[in-house]
Amino acid sequence: MNRELIAAIDLGSNSFRLQIGRIVNDQIYPLDGIKEAVRLAAGLSPDRMLDAASQFRGLGALRCFNERIRDYPVDAVRAVATNTLRVAKNAPHFLVQAEAALGFPIEVIAGREEARLIYVGVAHTLPNPHKQQLVVDIGGGSTEFVIGKSFKPIALESLYMGCVSYSLRYFPEGRIDKRGMRDAEMAAQKEIQTIAHAYREVGWEEAVGSSGSAKALVDVLELNGLSDGGITRSGLEKLRALMLKAGHMDNLNLDGMRPDRIPVFTGGVAIMWAVFQELGLERMTFSEGALRLGVLYDLLGRYHHHDLRDATVSAFVERYGVDHVHARQVADTARAFLLQLDPSAAEAENMDRRFLEWSAMLHEVGVSVAHSSYHKHSAYILGNADMPGFSRMDQGRLARMVLAHRGKLSRVGGLDPESQEWRLILCLRLSAVVHRARDARGIPPLRLKREGRGHVVVADGEWLRNLPLTAAALDEEERHWQAIGLPMKVRVERAAHRPASL
């Protein structure tokens, strides 16, 4: 029986959460959890800058998490950040400090990727996941909507509205009045209108709420006799009337109202009412599954070598009509070059090798747009498309490598000269050069090695004489690398030196 511990960290807009799970026979059993109400979104200024106080709270929470998981292996931990760190202009600065405090890398995930992970978490807690479910997750800065069935999402959307931002904007200092309630609900309804028709067309058998706002509503409605179970339209109507009568959150004495939810409760109620109105709901059940559980199950897949990112890459190759044979050959040769520089990259979970292979398989997706400057189109697609399993930083890395695989290296000149990514770019560029003829000639007799600040390509003289276009392209490569101060030299030898088989 396999028993392993894995951990997920959710850097949400309202709370930071750590969830530890135990793997038993490919199932995850929640073992321990820590929640810190950091209210990150409350520290976001109108010009989208995180203030010092919210950063301080966030870093403090992450240091606490570090104490609990500092001895875990890196591949057993996944930390994801959501809406506030998607939109904050100074998020990169904060993330450097956050990763140091946590002791593990942090991924900023796109809205639809957040929705997918939420659905994965919810689906693993549903009594009948084979029903078609509508899942709504009201977070601190965004609300995710998913329709899914049998553990597979069918529709995914993330809207820019959350309980923290709405509470601050429409219910300042806890005040509750008809105008604020109406404005909040109308604003949320306008957002939901953009997806309502498409979602109704897909349809669902059951509506499910997840995460803090839904949990708070279920507790308050049930414990105060406002609902006979779950979240209901009639229960929300009664709750809204009580809130307006109270006039302020301080005057709202309801059983089940946790202190940490009071500052963000009003925004959550307004958004949930808008969801019921626009999607025509009468009842919604609650699921304990949420983003962090979805992250754990996604991590379990990677832990057991069923990485969703591999499936996404295969789907993109198919969708964009990539020449699979050519892409595979470029990937194989690029990998061979990397292994000459770093034999340890042969390890199954080496991420440099995996990103190199993914970028090689996808470097021509932009040909589907136009052959001219296709590498720029490829980079745009990879940087902006929805790519399940990839974080925004993952996509940025793929886009950067693909953009740099041909032409001027100055396009990625902002990359740190000491970054290991340069050697991946070199391997990809060299592979693209030697396979430009698309003639399935196999891995070439070239040796790549590090020398000083740069690299040397050792080529078999006879092989190179028979390929004058390749020789000219390698000469041009020398000039490109020299221009950015990271020299690459081609050295010709008489005897052929073939790389060891891989």
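The values are calculated or read from the model by the stated rules, or taken from the named source; none is laboratory data. Please read these numbers as outputs of a predicted model, since none were measured by experiment. So basically every Cβ, Gly included, is an ideal-geometry build from the backbone, and we count neighbours across all protein chains shown.
Just checking, which of Val325, Val369 is among the β-branched types (Val, Ile, Thr) and closer than 25 Å to Gly442 by Cβ? Write out each step before concluding.
On the way: Val369 fails: closer than 25 Å to Gly442 by Cβ.
None of the others qualify; the one that does is Val325.
Before we move on, is Thr84 hydroxyl-bearing (Ser, Thr, Tyr), buried (at least 24 other Cβ atoms within 10 Å of the Cβ) and touching a strand residue (DSSP E or B) at 6+ places or on another chain (Cβ under 7 Å)? Even if it seems obvious, please write down each step before you answer.
Values: hydroxyl-bearing (Ser, Thr, Tyr): yes; buried (at least 24 other Cβ atoms within 10 Å of the Cβ): yes; touching a strand residue (DSSP E or B) at 6+ places or on another chain (Cβ under 7 Å): yes.
So Thr84 fits the description; yes.
Out of (1) over 30 Å from Leu299 (Cβ atoms); (2) touching a Ser or Thr at 6+ places or on another chain (Cβ under 8 Å), what's the single condition that is false for Val490?
Unmet condition: (2).
Looking only at the range 185-192, decide whether some residue is surrounded by fewer than 22 Cβ atoms within 10 Å (Cβ to Cβ), at negative phi, free of Cβ contacts under 8 Å to residues at least 12 places away in the same chain and among the basic types (Lys, Arg).
Yes - at least one qualifying residue is present in the range 185-192.
Please work out which residue is nearest to Gly454 (Cα to Cα), limiting yourself to the range 336-348 and to residues that are more than 25 Å from the chain's Cα centre (by Cα) and surrounded by 12 or more Cβ atoms within 10 Å (Cβ to Cβ). I'd like the intermediate steps shown before the answer.
Applying the first criterion (more than 25 Å from the chain's Cα centre (by Cα)) to the range 336-348 yields 336-344, 346.
Okay, now just the ones that are also surrounded by 12 or more Cβ atoms within 10 Å (Cβ to Cβ), so 336-342, 346.
Details: Ala336: 18, Phe337: 15, Leu338: 14, Leu339: 17, Gln340: 15, Leu341: 12, Asp342: 15, Ala346: 22 Å.
Result: Leu341.
Return yes when Met272 is more than 27 Å from the chain's Cα centre (by Cα) and either assigned to a helix (DSSP H, G or I) or within 27 Å of Arg17 (Cβ to Cβ) (or both) and no when it is not.
On the way: more than 27 Å from the chain's Cα centre (by Cα): no; either assigned to a helix (DSSP H, G or I) or within 27 Å of Arg17 (Cβ to Cβ) (or both): yes.
Judged against the criteria, Met272 is not a match.
Considering each of Val269, Val317, Val325 in turn, give the residue that is of a type in the set (A, V, I, L, M) and crowded, with 20+ Cβ neighbours inside 10 Å. Write out each step before concluding.
On the way: Val317 fails: crowded, with 20+ Cβ neighbours inside 10 Å; Val325 fails: crowded, with 20+ Cβ neighbours inside 10 Å.
Criteria check complete, one pass: Val269.
Exactly one condition in (1) over 24 Å from Gly33 (Cβ atoms); (2) in a helix (DSSP H, G or I); (3) touching a helix residue (DSSP H, G or I) at 6+ places or on another chain (Cβ under 7 Å); (4) of a type outside the set (A, V, I, L, M, F, W, C) is not met by Pro263; state its number.
Pro263 satisfies all of (1) over 24 Å from Gly33 (Cβ atoms); (2) in a helix (DSSP H, G or I); (3) touching a helix residue (DSSP H, G or I) at 6+ places or on another chain (Cβ under 7 Å); (4) of a type outside the set (A, V, I, L, M, F, W, C) except (1).
Examine the range 256-265 for a residue that is among the basic types (Lys, Arg), loosely packed, with under 15 Cβ neighbours inside 10 Å and over 23 Å from Asp177 (Cα atoms), and state whether such a residue exists. Walk me through how you get there before you give the answer.
First, pick out the residues of the range 256-265 that are among the basic types (Lys, Arg): 258, 261.
Filter once more, so that each one left must be loosely packed, with under 15 Cβ neighbours inside 10 Å: 258.
Remaining after also requiring over 23 Å from Asp177 (Cα atoms): none.
Within the range 256-265, none of the residues are among the basic types (Lys, Arg), loosely packed, with under 15 Cβ neighbours inside 10 Å and over 23 Å from Asp177 (Cα atoms).
If Leu299 meets every condition in (1) buried (at least 20 other Cβ atoms within 10 Å of the Cβ); (2) of a type in the set (A, V, I, L, M, F, W, C); (3) touching a strand residue (DSSP E or B) at 6+ places or on another chain (Cβ under 9 Å); (4) over 30 Å from Met387 (Cα atoms) apart from one, which number is that one?
(4) is the only condition that Leu299 fails.
Inside the range 40-132, counting only helices (runs of 4 or more DSSP H) that do not spill past its ends, which hold 3 or more residues that are β-branched (Val, Ile, Thr)?
Details: elements: 52-69, 83-87, 91-102, 111-123.
By residue number, 111-123.
Please enumerate the residues belonging to the range 211-253 that are assigned to a strand (DSSP E or B) and of a type in the set (S, T, N, Q). So that I can check it myself, show each step before the final result.
From the range 211-253, those assigned to a strand (DSSP E or B) are 231-232, 248; that's our starting set.
Selection gives Thr232 alone.
All but one of (1) under 22 Å from Tyr199 (Cβ atoms); (2) at pLDDT below 90; (3) out of contact with any helix residue (DSSP H, G or I) (no Cβ under 7 Å at 6 or more places or on another chain); (4) surrounded by fewer than 23 Cβ atoms within 10 Å (Cβ to Cβ) hold for Gln132, so report the exception by its number.
So Gln132 meets the others, but not (2).
Residue under question is Val367, and the condition is that it be over 19 Å from Leu430 (Cβ atoms) and either crowded, with 20+ Cβ neighbours inside 10 Å or not small (Gly, Ala, Ser) (or both); does it hold?
yes
Which one of the conditions (1) under 17 Å from Leu236 (Cβ atoms); (2) under 24 Å from the mean Cα position of the chain (by Cα); (3) part of a helix (DSSP H, G or I) does Val208 fail to meet, given that it meets all the rest?
Every listed condition holds for Val208 apart from (3).
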